[in-house]
1. If you count, for each residue, the other Cβ atoms within 10 Å and average over each peptide, how do 206-212, 29-35, 194-200 line up from highest to lowest?
2. Which log10 I(q)/I(0) values does segment 78-157 give at q = 0.26 Å⁻¹ under the Debye formula, counting every alpha carbon as one identical point scatterer?
3. Let me check against my output: what whole-number percent is the relative contact order of segment 1-107, with C-alpha pairs under 8 Å and at least 6 apart?
4. Considering only Cα-Cα distances, which of the following residue pairs are longer than 24 Å: LYS254/LYS308; LYS43/LYS281; LYS141/LYS216?
5. Cα-Cα pairs above 24 Å in segment 146-251: how many percent?
6. Rounding to the nearest 20 debye, state how big the charge dipole of the chain is about its Cα centre with +1 on each Lys and Arg Cβ and -1 on each Asp and Glu Cβ.
7. Restricting things to alpha carbons, find the Rg to Rh ratio for segment 190-338 using the Kirkwood radius for Rh.
8. Over all directions, what mean area does the Cα convex hull of segment 14-168 project, stated in square nanometres?
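A short reminder: the numbers here are calculations on the coordinates, not readings from a lab. Small disclaimer: the values here were computed from a predicted structure and weren't measured. Using ideal geometry, Cβ is built from the backbone for each residue, glycine included, and neighbour counts are taken over all protein chains shown.
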Amino acid sequence: MGSVLVTGGAGYIGSHTCVELLECGREVIVIDNFVNSSYESIKRVQDITGKKMKFFEGDMRDRDFLRSVFSENEVDSVIHFAGLKAVGESCEVPLEYYDNNLNSLIALCETMAGFNVKKLVFSSSATVYGDNQPPYNENMKPGLITNPYGRTKYMAEQILSDLSISDGEWSILILRYFNPIGAHESGKIGEDPKGIPNNLMPYILKVAIGELPELKVFGGDYKTPDGTCIRDYIHVVDLAKGHISALKKLDKFKGFDIYNLGTGKGCSVLELINKFEEVCKVNLNYSVGDRRDGDLPVCFADTSKAEKQLNWKAKYDIGRMCEDSWRWQISNPKGYKR
Ligand SMILES: NC(=O)c1ccc[n+]([C@@H]2O[C@H](COP(=O)([O-])OP(=O)(O)OC[C@H]3O[C@@H](n4cnc5c(N)ncnc54)[C@H](O)[C@@H]3O)[C@@H](O)[C@H]2O)c1
C-alpha cells in the first residue's frame with residue numbers, strides 16, 4: 001500500500017492524525033509551509049510513535065512543488081488539512097482565505113488527477129450548517145454562513161462534489177468537524193495558537209497559566225439553560241481516529257460523501273469552564289460580557305451517520321479533554337517554542 005499524504009500535517013489536527021496513522025502502520029508524507037505551525041510538531045510526532053515520516057516544506061498552491069512531491073513518492077491517498085482557519089481573521093483578509101483555502105484545493109486535486117491518485121479526505125467544518133437548527137445532520141441544506149472562512153469550506157465542498165460528478169473514479173469524503181479540543185495524552189503535541197487565541201479552550205489555557213489576565217465569556221443571555229453558548233467539543237484524538245475510519249471507507253467506496261465528526265453532545269461555555277476548574281484544580285479568572293457578532297447560540301452534531309457507516313464514535317468526555325489540554329499546556333508553557 002502506498003503512503004498517505006497529509007497536507008497541513010504539522011498543524012493541530014494534522015499532527016494528531018499523523019500519530020494515529022503511524023500507529024496503524026501507515027507510511028506518512030507531510031506537506032506544510034508552517035504558516036501556522038512549526039517543525040517541532042513533526043519531530044514530536046516521530047518521538048511519540050518511534051516512527052519516521054517524510055516531510056516536505058512548501059506551499060500547497062505551488063503546482064511545481066506538488067508535482068515534485070507526487071513524482072518522488074508513491075501516494076495512495078490524501079488527507080487535506082492545510083488551510084487558514086481563523087473566523088475573525090477571515091473577515092479582515094478575505095482574499096487571503098479564498099486564495100489559500102480554495103487555490104490549495106484546486107492545485108492539489110489537479111496534481112492528484114495527474115498522478116491518478118483519486119482518494120481524498122477533506123477537512124470541513126460545522127460552520128457550513130450556518131443558522132440551521134441543531135442537531136445538524138449531513139442532509140441539511142447549508143444555512144446562512146456568516147464569515148469568509150465558513151464560505152471557503154462550503155465552496156470547497158461544492159468543488160469536490162462537482163469533481164466527483166465529472167469523474168466517477170474519485171473517492172472523496174468530507175469530514176465536518178465540530179469543536180476539537182484536548183491534546184495527545186503524552187503532553188507532547190497540542191494546539192499552539194499564534195497570538196491571542198480565538199477559541200475558548202486555548203484562551204482558558206492562557207488564562208490558567210497566567211499569560212492572559214482574564215477570560216471574557218461572550219454573552220450570558222442566550223436562550224440556553226445557563227445563558228452561554230453551547231458547542232459540541234470533541235477530543236482531537238477521537239477526531240484523528242475518525243480519519244483512520246474515513247481512509248478505511250475510501251478503500252471500498254467511489255463517489256462523494258459527507259460525515260459529521262462530533263460527540264453529539266452539547267456543552268455550554270460555563271460547563272466547560274467549571275469542568276476545567278474541577279479536573280485541573282485551577283481557578284479561572286473570568287467574567288461574562290457582551291455577545292460576540294456571528295456566534296450561534298447552540299451547535300451540536302447528529303453523529304449517527306458516522307457511527308453507522310464509518311464505524312466510528314467519539315469516546316473521550318469533557319473531563320478528559322480538559323485534563324489532556326492542561327497537560328499539554330503545563331508541559332509546554334510557550335507551546336512549541338521552548
Ligand atoms: N481546529 C478547528 O477548530 C477546526 C474546525 C473545523 C475545521 N477545521 C479545519 O481543519 C483543518 C486543520 O485545522 P487545524 O486546527 O489543525 O489548523 P492548523 O492551523 O493547526 O493546521 C493547518 C496547517 O496547514 C498549514 N498550511 C496552511 N496553509 C498552507 C498552505 N498554503 N500550504 C501548506 N501548508 C499550509 C499550516 O501551517 C498548519 O500547519 C483546517 O482546514 C481547518 O480549517 C479546523
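1. Numbers: 206-212: 16.4, 29-35: 21.4, 194-200: 13.9.
In descending order of packing, they fall as 29-35, 206-212, 194-200.
2. -1.19
3. Working: 157 pairs, mean separation 35.5, N = 107.
Worked out over segment 1-107, it gives 33 percent.
4. Details: LYS254/LYS308 18 Å; LYS43/LYS281 31 Å; LYS141/LYS216 33 Å.
Where the Cα-Cα span goes over 24 Å, the pairs concerned are LYS43/LYS281; LYS141/LYS216.
5. Working: 2551 of 5565 pairs.
The calculated P(r) of segment 146-251 puts 46 percent of pairs beyond 24 Å.
6. On the way: 41 positive and 46 negative charges, 129 e Å.
That gives a dipole near 620 debye.
7. Numbers: Rg = 17.0 Å, Rh = 16.9 Å.
A ratio of 1.01.
8. Details: hull surface 41.1 nm².
With the hull built on Cα positions only, its mean projection is 10.3 nm².
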